[in-house]
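All remarks here apply to the structure that follows.
The values are calculated or read from the model by the stated rules, or taken from the named source; none is laboratory data. Note that the structure is a prediction, hence the values are computed from the model and not measured. Don't worry about glycine lacking a Cβ; one is built from the backbone with ideal geometry, like all the others, and counts go over all protein chains shown. Protein only, heavy atoms only, side chains kept; ligands, DNA and RNA dropped before computing areas. Shrake-Rupley method; radii C 1.70, N 1.55, O 1.52, S 1.80 Å.
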Amino acid sequence: MRALVTIGTKVRKFDAIILGAGAAGLMCAARAGQRGLRIAVLERAEKPGKKILISGGGRCNFTNIDAGPAQYLSANPHFAKSALARYTPRDFLDLVEKHGIAWHEKTLGQLFCDGSAKQIVQMLLDECPGSVDVICKADVTAVVKEGDTFAVSASGESYAAPALVIATGGPSIPKMGATGFAYELARQFGLKVVEPRPALVPLTLGGEDVLFRELSGVSAPVTARAGKAAFDEAALFTHKGLSGPAILQASSYWRAGEEVGIDFRAGEGDEWLVEAKRERPRVHLKTVLREHLPDRLADALAERIGIESELGNAPDKALRETARKLADWRFRPSGTEGFAKAEVTIGGIATSELSSKTMEARKVPGLFAIGEAVDVTGWLGGYNFQWAWASGVAAGDAL
Ligand code: FDA
């Protein structure tokens with residue numbers, strides 16, 4: 001049972017309280033602090049920015065130069081436009097360069113630190129002026145609004161302010177302390193929450209597909225399709241099913257019960273096996289596939305297709321069908337590896353409840369929500385941090 005907060009004499013008063021010292025919360029604090037506001041950032045963990053520290057394999061893929069609304073999923077695809085347009089990847093890059101942090105583009109517009117993700121956390125803390133208190137080991141357990149004031153209880157201390165920002169992220173990677181606290185709080189204030197589900201997450205295979213688990217460790221460049229989305233990147237077979245960037249991206253568009261289509265021979269069309277037969281009639285399907293795919297994968301696909309004779313003995317029709325099958329191999333995942341392995345959460349505080357300009361709740365003046373807590377989810381590749389920065393700035397400038 002939660003202790004209810006009352007505003008007493010030992011209450012620390014601020015202009016705004018930000019819940020969560022993650023990417024969005026720290027950015028919001030820096031911006032609001034720079035306008036002279038007294039800000040408390042309350043963080044449950046022993047240090048700020050823990051997800052930033054582990055991101056991008058420790059080098060933080062801090063933005064994507066191509067980030068735009070098209071790379072985000074939300075019940076309202078227009079919601080993110082305003083904040084993303086007002087704080088762009090170039091703006092964040094300017095900040096990174098102002099702090100002398102060396103960076104590089106890895107692939108597909110993904111920008112990483114040359115050194116360490118620690119530099120990004122330090123940069124955000126350095127951007128916070130003296131009017132910002134980042135208070136760690138402050139586990140927020142209760143919030144009430146009394147008149148125009150939000151009263152917050154965190155690890156036995158009480159805080160009060162006329163504005164409150166929910167920046168506690170989503171429930172992905174509970175091992176790191178991630179929870180659905182943002183949703184509880186939103187519901188407490190009467191805000192709708194779009195059903196959260198794991199995204200950027202490996203898919204599990206069952207049934208007949210389970211045989212593909214034998215390929216654990218094999219990866220290949222593919223086009224992965226789910227719903228209307230298609231991603232040209234690597235797929236990786238795992239001991240539970242499918243992973244790798246192409247699959248993680250597709251997972252955000254996949255719904256339980258649906259199929260995922262994998263194109264193992266991107267862009268080759270229907271005729272390439274017939275042409276191979278004309279050129280080399282003595283060759284076996286397995287051999288042709290091995291020229292394009294890792295041996296174990298080529299063998300497994302050839303075995304499942306079942307053309308065992310030389311290509312010269314296979315009818316053209318069967319080879320065309322095989323080419324089509326290889327261009328759209330259907331898997332029916334049994335599920336995902338869940339929040340335990342999800343890089344982000346899809347869903348969250350409904351955008352219909354918030355102003356797209358300021359992130360303030362329409363029906364609760366003074367209450368804001370930013371970052372992953374909100375129903376805006378980016379692709380893999382720096383897009384989620386860009387949303388955290390942009391939404392943090394939108395709220396930070398409006399507090
Ligand atoms: P974030 O989760 O960063 O911060 C929320 C904070 O609130 C946490 O510090 C938490 O401890 C605190 N909190 C929660 N409940 C609380 C409570 N009750 N009281 C007080 N504090 C509380 N994205 C990207 O763009 N590029 C990348 O390279 C990666 N890499 C990556 C790797 C891994 C392993 C994961 C799990 C995720 C990524 N991401 C990523 C996604 C990215 O980390 C994520 O989108 C942002 O961290 C979201 O920022 P937020 O500030 O919204 O939440």
(Q) Rounding to the nearest 10 and keeping the result within 0 to 90°, find how far the Cα-based axis of helix 23-34 lies from the longest principal axis of the chain. (A) 40 degrees
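Could you pull out the longest piece of the chain with no exposed loop GluC sites (Glu not before Pro) in it, calling a site exposed if DSSP puts it outside H, G, I, E, B and it has at most 10 other Cβ atoms within 10 Å? Write out the running numbers ahead of the final one.
Values: sites that count: Glu46, Glu291.
Between the exposed loop sites, the longest stretch runs 47-290.
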Q: For region 294-399, state which trypsin sites (Lys or Arg not before Pro) are in a DSSP loop and have at most 13 other beta carbons lying within 10 Å of their beta carbon.
A: Lys357, Arg362, Lys363
Q. What is the chain's relative contact order, in percent, from Cα pairs under 8 angstrom and six or more apart in sequence?
A. 25 percent
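Kindly work out what percent of the DSSP beta bridges joining two residues of the chain are antiparallel, to the nearest 5.
Working: 47 of 64 bridges.
Roughly 75 percent of the DSSP beta bridges within the chain come out antiparallel.
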Q: Using a 10 angstrom cutoff on alpha carbons, build the Gaussian network for the chain and name the most mobile of Ala256, Ala323, Ala45.
A: Ala256
Q.
How much accessible area per residue does the chain have, counting only protein heavy atoms and a probe of 1.4 Å, in square angstrom?
A. 43 Å²
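If you keep only loop residues by DSSP, which trypsin sites (Lys or Arg not before Pro) in region 1-91 have at most 11 other Cβ atoms within 10 Å of their Cβ? Before the final figure, lay out the partial values.
Working: sites: Arg2, Lys10, Arg12, Lys13, Arg31, Arg35, Arg38, Arg44, Lys50, Lys51, Arg59, Lys81, Arg86, Arg90; in loops: Arg2, Lys10, Arg35, Arg38, Arg44, Arg59.
Those satisfying the criteria are Arg2, Lys10.
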Q) In bins 10 Å wide, starting from 0, what share of all Cα pairs of region 1-140 does each bin hold, as a percent? A) 11, 34, 35, 16, 5, 0
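Express as a percent, rounded to the nearest 5, the fraction of DSSP beta bridges in region 1-136 (both residues included) that run antiparallel. Let's see the in-between values first.
Details: 6 of 14 bridges.
Bridges in region 1-136 that DSSP calls antiparallel: roughly 45 percent.
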Q) In 10 Å bins starting at 0, how do the alpha-carbon pair distances of the chain split up by percent? A) 5, 22, 27, 20, 13, 8, 4, 2, 0
Q | For the chain, built as a Gaussian network whose Cα springs stay under 10 Å, the top-fluctuating residue of Ala142, Ala67, Ala318 | A | Ala318
Q.
Which one, Ala340, Ala186, Ala369, has the greatest fluctuation when you compute a Gaussian network model over the chain with C-alpha springs under 10 angstrom?
A. Ala340
Q: Calculate the length of the line joining the C-alpha centroid of region 30-96 to that of region 221-239, in whole Å.
A: 27 Å
